[in-house]
1. Would you please give the FRET efficiency between A:Leu432 and A:Ser290, computed as 1/(1 + (r/R0)^6) with r the Cβ-Cβ distance and R0 = 56 Å, to the nearest 0.05?
2. With just the Cα atoms of the stretch A:2-309, tell me how far they stretch along each of the three principal axes, in Å, largest first.
3. Provide, for q = 0.21, 0.24 Å⁻¹, the log10 of I(q)/I(0) from a solvent-free Debye sum over equal Cα point scatterers in the stretch A:313-399.
4. In terms of the Cα gyration tensor, with a ≥ b ≥ c the square roots of its eigenvalues, is the stretch A:240-343 rounded because a/c is under 1.5, prolate because a/b exceeds b/c, or oblate?
5. So with the 1.4 Å probe, I'd like the accessible area per residue for the stretch A:278-350, rounded to whole Å².
6. Please report how far the C-alpha centroid of the stretch B:167-242 lies from that of the stretch A:146-190, rounded to the nearest whole angstrom.
7. Shape of the stretch B:254-408 from its Cα gyration tensor (a ≥ b ≥ c, root eigenvalues): rounded if a/c is under 1.5, otherwise prolate when a/b > b/c, or oblate?
8. For A:Lys222, what is the net charge nearby, where nearby means another residue's Cβ is under 13 Å from its Cβ and Lys, Arg count +1, Asp, Glu -1?
Amino acid sequence: MKTICLYFQVHQPFRFRRYRFFDIGESHYYYDDYSNESIMKKVAGRCYLPANQLMLDLIEKYGERFRVAWSVSGIALDQFELYAPEVLESFRKLAATGQVEFLAETYSHSLVSLADPDEFRVQVKEHSDRIESLFGVRPGVFRNTELVYSDDIGAVVADMGYGAMLTEGAKHILGWKSPNYLYYNAVNPRLKLLLKNYKLSDDIAFRFSDRGWGEWPLTAEKYAGWLRDIDKKEEVINLFMDYETFGEHQDVGTGILEFLRALPGELLRHNEFRFATPSEVASLHEPVASMHVPYPISWADEERDLSAWLGNDMQNEAFTKLYELKELVKKTNDTKIMTDWRYLQVSDHFYYMSTKFFSDGEVHKYFNPYESPYDAFINYMNVLSDFARRVNEMVGATETETTMLKRQIRDRDEQLEKLQAEINELREKRKLVATPVVEGEEEVTGSKSSAKASKPSTGSGSAKASKPSGKSVSAKASKPSTGSGSAGKAKPVSRKKAETGEKKPRGSKKA
Amino acid sequence: MRVLMFGWEFPPHISGGLGTACYGLTRGMSHISGLEVLFVVPKAWGDEDQSALTLIAADNFPVRKKFIEMKNFLREMTYLEVHSRLVPYMSPEDYAETVNNSEGGSNVYFNTEEIGKLKFTGKYGPDLFQEIANYALVAGVIADDHSFDIIHAHDWLTYPAGMAAKAVSGKPLVIHVHATDFDRSGGSVNPGVFEIEKRGMEAADMIIAVSNLTRTTVIEKYGINPARVVTVYNAVEPLELGEWPEFRKPVNEKIVTFLGRITLQKGPEYFVEAAHKVLMKSDNVRFVMAGSGDLFPRIIRRAASLGIMDRFHFTGFLRGQDVNHMFAISDLYVMPSVSEPFGISPLEAMQSNVPVIISHQSGVSEILKHAIKVDFWDIDAMADAIYGILHYGALSEMFKKHGKTEVDNLKWENSALHVKQVYDAVLAKYY
């Protein structure tokens, strides 16, 4: 008997208002209340409420045999509370049936797993706490934002005590292997992995209403037939998709809700399938192999990588600048700051800055409130600039102070370089004097001429001869090599006198 | 296929966008095999070299025939100069100078703004229309003397010539709209010009517009059947490498540049207002307005009253190397045009690795992806974009990385091919 695992992602970004640079320092409210409220209410009416009702109906009809799971981001929960508490209520009702599961994720629907493991743990815990307090059960299975996964992320998740994690059954990772089995993390085998069957999932999520698609119109009967055709030995079929597929991405008029209503009946009819939640899948099945994912994957686009969020200079700058603030934010210990900090991290902000949609799919455009990625970037950076100012002010380290420190470091680096050049020069001079006595003539002249040819400006003739070119001063000192033995002995003394000892690490970093 | 093409300026005597576009287009066309161009321009004879063949046309209008070979052209081009007293001039300063020198000589000088806006002062207004009519007369004679398959006329001054050639030869006429009087005048069109434009459009077998923006104007303001108007985008000449001296920025400050005529059409006042907003928040930036025009006094007064003159500079009209210099030291180029049929200059800025902000009300915004687009009136958005590009380093990097590639792919050869397709379609229908 094959297991069907349904998991739906529930998330709405908390959109920023148009925040101009002249708002920086003047206004600290970043959110587009109108869009956020109206979109949440619209989607609640078209999708969340009717789909939840449908799920309740299905549970009533099929009893224990029907199972389903959601992951609801903290950002979505916040907005349900603000704008559509009735959705929360209906999720509570579903939770009360005991046949559904709510998964753990990062509170902010963030990409923090790629930036900072500690902060990642904090956000996951925050989310699990919230889910437990709302629905009475603490999540045992984790799913990361956009199904982002790598061996290292999996290891952290396992360490936090989650027994299973969801990710994409990316073709470039699996190769000939099938996503329809349970796998385990390459670092910590205790973490089981459920892989999305992207073909069957996307048939519903993206292609369902596409009239240009060869299989249109898709009926529950036809779809159940496909599932039945899957090799008998395969065990789990993971259908993962956005919950908004039902009624929002795919309009009600396409018949998507009827499809969803009819599907369980078609599948349960012949006793070939059973439904299970992710944690049930993890206990029902044994993993067949480990999965090696050295570089992060996701469930987006053709490449199933991170390029939609961290694929260009703007996204990387915004992402880096954001997480540079982490320590300072913690120091503030201020609830307002913490709230904004959460909302700044929502992955959608980075998605809006993607330049992929110039060439890639309509999907990007559909989800993007900005006219261009440049627009999105400017707006985000304006907000981030204001946020950074507030954080800095609160912590007391003003921006000017930071820049002053930076300048000091730079000045010292320069000074260090100058001293280094001087040392090299002296060393060369000494060598020239010393060579006739110490070394055979041909070797020296040979090295000298080649050094001149390659790098005449730095005057690193000695560096060439002793071969630690590019290494730090200390490395040279510790290894006085053949060519400049006498010179090497003399130098450490003079350097210590100049008190460069403290600056050495910086100098070496630069080199 | 032979094309009889009517223009009104050609290198080296270029006064504005039209000459640049004609040059690029004909150069692109020289790369299409089997396509021959007979280029006719009105010209006041004086300093030009006399070696070319001179034809004396009827009614005492001498016509000179030259075979010119230009750099980057695959073939030499037949070039006809009609001795007309029509002489387009670019800037008001130039105009004033010339009128003073000529003292009512034989030439009729008229003043145009980049793409042919006329300044009608009583002095030469009536004469000008007479000249246009004369040009048309000669065009008829030329048409009679030469064999060709299709006629192509650029902008309103040459429409009558195109129509005359069509009447004489019976060959189909394509007119190319680089701008309409609605763009040039900011809405208050000159009825005489409008009349010529409308008649030209109605007589044409096919109309080429330089952008969808212009195409819409042609359809809506001149009542032309949409099926007869196609859009063919302009392109930009590739940069000549290695010719430039290295320019260095004098101060370690950011420079934001407006380069164009200081006229209503170009939206200079929005640039000043946006500059003011940016300067309230940042001190490490200077704004430069390069160009001249009738709004100059108003702009300078406004900048002074905003108290930003210490950071806002005027250079006057720039040409040639000075333009390159300006681009080389600019960190950002802004084109806030109120109505810009196409707009080649942002492309030139991008060639020099300068990020650009352009208005939605420009034809070029229809094809550029790697540029920030704002509405010309939206000063807040414009200021925000300026601030963003100056402060968030990744933006300039993105523009430099992608903008140059994008603009390098806009080739005149492609535009020429597109024009050739238009010819083919017209001829297929005609015969």
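The values are calculated or read from the model by the stated rules, or taken from the named source; none is laboratory data. Predicted model, so just to flag it, every value in this text is computed and none were measured. A quick note on method: Cβ atoms are made from the backbone with ideal geometry, for glycine too, and the neighbour counts reach across all protein chains shown. Ligands, DNA and RNA are excluded from the accessible area calculation, which covers all protein heavy atoms including side chains. Shrake-Rupley method; radii C 1.70, N 1.55, O 1.52, S 1.80 Å.
1. E between A:Leu432 and A:Ser290, to the nearest 0.05, is 0.40.
2. Extents along the principal axes: 64, 45, 41 Å.
3. -0.94, -1.13
4. Verdict is prolate for the stretch A:240-343.
5. 44
6. Centre-to-centre (Cα) distance: 61 Å.
7. Here the stretch B:254-408 falls in the rounded category.
8. Local charge sum for A:Lys222: -3.
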